[in-house]
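The values are calculated or read from the model by the stated rules, or taken from the named source; none is laboratory data. None of the values given here were measured: they were computed from a predicted structure. Don't worry about glycine lacking a Cβ; one is built from the backbone with ideal geometry, like all the others, and counts go over all protein chains shown. With ligands, DNA and RNA removed, areas are computed over all heavy atoms of the protein, side chains included. Shrake-Rupley method; radii C 1.70, N 1.55, O 1.52, S 1.80 Å.
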Amino acid sequence: MSLVIQFLSQIRQFVHTQNGDELRAWLQVEPGSPQQYHNLAAELRSQFRNKGLENLVEKSFPQDDDLPEGQSAPWPGFVAFMKDFLAFWRDINYDDLLGAHQLLSGLVNSCATAFGHPASGAMLLKTSMSLSETLARFTMTLNRRPDLTRHLRSVDEDKSIAESSAEIIQKIFTICLTDRSSGRDAKPEGKKVGVYMFANLVLKLLFACRRTHLAKMIFVNISTISPPLSLYPASQRVTFLYYLGRFNLSNHHYLRASLCLQEAYLQTLPQLVSHRTNILTYLIPCNILLGRFPSQALLSRPEAQSLTPIFLPLCQAIRSGNFVEFQHQLAVNESWLFEKGLLLTLTHRLRPLVWRSLTRKTFLLTYVPPADPNSRKAATLELSDVLTVAVYLQHRLEGWLPAQPSGLKHTTQGQSLLMKAASNNAQEAGTSILAPPPGGPKTLRPNEGIVWGNAQVTFEDIEMTITTLVHQGLLHGFVAQGRAFAISRGKAKLEPVLAGWPNVWQTIRDRTYEESFDPDEVVGWVKR
C-alpha cells in the first residue's frame with residue numbers, strides 16, 4: 001500500500017474519533033518534519049504530478065452516513081483542506097522562501113475554512129494553531145528579507161506579506177472569538193481556547209509590518225465578546241498585554257500603555273530575562289513620558305542592563321533641562337530608537353518636560369526672594385531670561401563654542417552677568433561666553449532646534465511655550481502682562497518652586513476628563 005493511501009486512511013480514522021491531538025501530530029508542514037513526510041512528497045511528485053490527487057482524496061474520504069454516536073465524518077471543507085495539504089507537500093521547495101510562503105498561506109486559508117465548520121471544526125483547533133505558528137515564522141523570516149519581497153510590494157503597494165498573513169490568521173481568530181461553546185465568564189472550551197493565541201499571532205505580524213492601526217478592531221472585538229484574559233495561560237496573557245501596551249503607546253495613551261506593560265512585566269518570571277527586557281524597552285519610555293523616571297533599583301536588574309545606557313542619560317538631560325544633551329542622546333541612539341518605533345514619540349513628546357525643567361532651572365538661577373518675608377507679591381520668572389537661555393542653547397546646538405569669560409563667579413551679580421553674556425552679543429567680547437563656530441552654524445534638522453531647526457528663537461516663541469505648559473498643567477501660574485510668568489502659590493503658600501512646577505506624574509493623574517473617558521479602563525483588556 002502506498003504511503004499516500006496509508007496516510008489518508010489514518011487521517012480518516014482520526015476524524016472519526018475526533019482526535020485533534022493526532023491530527024496536529026500528523027498534519028506537519030515544517031522543513032524539519034520526519035523523513036516519512038519527505039518520502040511522501042517524493043511519492044506525490046512521482047505519481048500525482050499532473051492529475052489524480054483530488055480523485056484519490058475524495059475516494060479516501062467517502063460520505064459516512066451510519067457512524068456510531070460520538071464519531072464524526074469528514075466534511076467537504078476538510079476534504080478540500082486535505083487536497084491542499086497533499087498538494088503542499090507535492091509542490092513545496094523550502095529553498096524558495098516566497099514560493100513556500102505562498103503555498104503555506106493557501107494551506108492555512110484552507111484550514112481556516114475547514115475549521116469554521118460549526119459541528120466538527122473544533123477538532124482542527126490544534127492543527128490551526130500549529131499551521132498558523134509556522135506561517136507566522138515564515139512571514140517573519142521574509143519580513144527581514146526585503147530583497148525577496150520588494151517586487152511583491154510593487155504588485156500590491158498597499159499590502160505587505162506580513163499584513164496578508166495577518167489577515168489569514170485573523171479569520172481563524174474571528175472563528176474562535178465568535179464560538180458559542182462556552183459562556184463569556186466560564187472557563188474557555190472548544191474554539192474559545194484559541195482566542196488570545198491567534199490574536200497574539202495577528203498582533204505580532206501587524207507590529208512587524210508597522211500596521212498597528214489595524215489592531216484596533218481586534219481589541220474592540222475582544223472587549224465586546226471575549227472571555228476574561230485571566231482565564232488564559234500566563235504566556236498568552238503576557239504577550240497580549242505587551243502588544244496592547246505597545247498599541248496604546250503608539251497612539252499616545254501613555255497611562256493605559258503603562259498599565260498594560262507594567263502588568264505584563266509583573267507577570268513575567270524573573271528568570272525570563274530577555275522577555276522582561278522586551279517589556280522594559282517600552283515600559284521605561286512610557287513612564288518617562290508620564291514623568292516617572294526609572295529607579296536605580298530597576299536599572300540594576302539584569303533585564304535593564306542593556307537599556308540603562310540609553311535611558312539614564314536621557315532622563316538626566318530631561319531633569320536638567322539640557323536641550324543640547326537631550327538632542328545628543330537622541331542622535332546617539334537614533335537607529336535603535338527608530339527600530340523600536342520610539343524615536344518620533346520621544347523626540348517630540350518629551351520636549352514639554354525638557355522645557356519645564358529649563359524654565360525651573362532659569363527661575364532658580366535668576367529669582368531673588370523679596371526682602372520682606374511677609375510680602376504678598378507673586379514670584380515671577382521673566383520671559384526675557386528664558387529667551388536668553390533658549391538663545392544660548394540654540395547657539396550651542398548650532399555648534400557655537402564656549403569661551404568662558406574671566407572673573408565670573410557664582411553670585412547674584414554673577415548670575416546677572418551670566419544672563420547677559422548668554423545673549424551672545426558678539427561685539428561685546430568681554431561678556432560673551434560663546435564663540436561662533438569656525439565653519440559657520442551647523443545645519444539642524446527641524447526636530448533638532450529649540451523651536452524649528454535653525455529658526456531664531458523669538459520672544460513670542462517663549463510666551464507661547466510658557467502658555468502651553470500652563471495649559472498642560474506642567475506649570476502653575478499665568479503669563480502677566482506678556483512679560484513674566486507669575487507663580488500661583490495657592491492657599492497652601494508653598495515655596496515658589498514647589499508651587500510653580502508641580503510633580504508631573506501627579507499632574508497627569510489629577511487631570512479631569514470627559515465622563516465617558518476613564519484612563520484606567522483599557523479597551524481590549526477584559527477583566528472579571
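Those residues that are open to solvent by 20 Å² or more (accessible area, probe 1.4 Å) and part of a helix (DSSP H, G or I), I need them from region 274-309; list them, please.
Scanning region 274-309 gives 274, 275, 276, 277, 278, 287, 296, 297, 298, 302, 308, 309.
Results for (1) open to solvent by 30 Å² or more (accessible area, probe 1.4 Å); (2) modelled with pLDDT under 90, shown as yes or no for each residue.
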{"residue": "38", "(1), (2)": "yes, no"}
{"residue": "62", "(1), (2)": "yes, yes"}
{"residue": "66", "(1), (2)": "yes, yes"}
{"residue": "75", "(1), (2)": "no, no"}
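Report yes if some residue within region 18-28 is surrounded by fewer than 16 Cβ atoms within 10 Å (Cβ to Cβ), among the charged types (D, E, K, R) and without any contact (Cβ under 8 Å) to a residue 24 or more places away in the chain; otherwise report no.
No, region 18-28 contains no residue that is surrounded by fewer than 16 Cβ atoms within 10 Å (Cβ to Cβ), among the charged types (D, E, K, R) and without any contact (Cβ under 8 Å) to a residue 24 or more places away in the chain.
Filter the helices (runs of 4 or more DSSP H) completely within region 207-270 down to those with at least 3 residues that are surrounded by fewer than 14 Cβ atoms within 10 Å (Cβ to Cβ).
216-225
Of all residues in region 296-330, how many are of a type in the set (Ser, Thr, Tyr) and either in contact with a helix residue (DSSP H, G or I) (Cβ under 6 Å, 6 or more places away or on another chain) or farther than 18 Å from residue 275 by Cα (or both)?
Qualifying residue count for the region: 2.
What are the residues in region 44-62 that are of a type outside the set (A, V, I, L, M, F, W, C) and either in a helix (DSSP H, G or I) or under 17 Å from residue 81 (Cβ atoms) (or both), if any?
Correct list: 45, 46, 47, 54, 55, 58, 59, 60, 62.
Please go through region 111-126 and give me each residue that is surrounded by fewer than 22 Cβ atoms within 10 Å (Cβ to Cβ) and in contact (Cβ under 8 Å) with a residue 12 or more places away in the chain, ordered by number.
Correct list: 113, 116, 117, 119, 120, 126.
Can you tell which of 178, 174, 134 is of a type in the set (Val, Ile, Thr), open to solvent by 10 Å² or more (accessible area, probe 1.4 Å) and over 18 Å from residue 77 (Cα atoms)? Step through it out loud before you land on a result.
Numbers: 174 fails: over 18 Å from residue 77 (Cα atoms); 134 fails: open to solvent by 10 Å² or more (accessible area, probe 1.4 Å).
Matching residue, one of 178, 174, 134: 178.
Collect the residues in region 433-479 that are polar (S, T, N, Q) and open to solvent by less than 40 Å² (accessible area, probe 1.4 Å), keeping them in residue-number order.
Selection gives 465 alone.
Test residue 100 against the criterion of being under 24 Å from residue 339 (Cα atoms) and in a helix (DSSP H, G or I), and give yes or no.
So residue 100 does not fit the description; no.
Every residue in region 191-247 that is under 22 Å from residue 113 (Cα atoms), basic (Lys, Arg) and touching a residue at least 60 places away in the same chain (Cβ under 8 Å), please.
If the condition is that a residue be under 22 Å from residue 113 (Cα atoms), basic (Lys, Arg) and touching a residue at least 60 places away in the same chain (Cβ under 8 Å), then 191 is the only one that fits.
Go through (1) at pLDDT 90 or above; (2) touching a helix residue (DSSP H, G or I) at 6+ places or on another chain (Cβ under 8 Å); (3) surrounded by 14 or more Cβ atoms within 10 Å (Cβ to Cβ) for residue 367 and report which single condition fails.
Going through the list (1) at pLDDT 90 or above; (2) touching a helix residue (DSSP H, G or I) at 6+ places or on another chain (Cβ under 8 Å); (3) surrounded by 14 or more Cβ atoms within 10 Å (Cβ to Cβ), residue 367 breaks only (1).
Among the helices (runs of 4 or more DSSP H) lying completely within region 107-198, list those that include at least 1 residues that are at pLDDT 95 or above and of a type in the set (D, E, K, R).
Hits in region 107-198: 125-143, 161-177.
Could you check region 110-120 and list, in sequence order, the residues that are of a type outside the set (Ser, Thr, Tyr) and farther than 15 Å from residue 27 by Cα? Full working, then the answer.
Restricting attention to region 110-120, the residues satisfying the condition of being of a type outside the set (Ser, Thr, Tyr) are 111-112, 114-119.
116, 117, 118, 119, listed by residue number.
Out of 272, 249, which single residue is touching an Asp or Glu at 6+ places or on another chain (Cβ under 9 Å), over 15 Å from residue 526 (Cβ atoms) and not charged (D, E, K, R)?
Values: 249 fails: touching an Asp or Glu at 6+ places or on another chain (Cβ under 9 Å).
Just one listed residue meets the conditions, 272.
Mind checking which residues of region 172-210 are of a type in the set (Asp, Glu) and on the phi > 0 side of the Ramachandran plot?
none
Which residues, counting only those in region 412-432, are open to solvent by 70 Å² or more (accessible area, probe 1.4 Å) and modelled with pLDDT of 50 or more?
Within region 412-432, 420 is the sole residue that qualifies.
Just to check your reading of the model, which residue among 523, 470 is assigned to a loop (DSSP other than H, G, I, E, B), modelled with pLDDT of 90 or more and either aromatic (Phe, Trp, Tyr) or closer than 29 Å to residue 253 by Cα (or both)?
523
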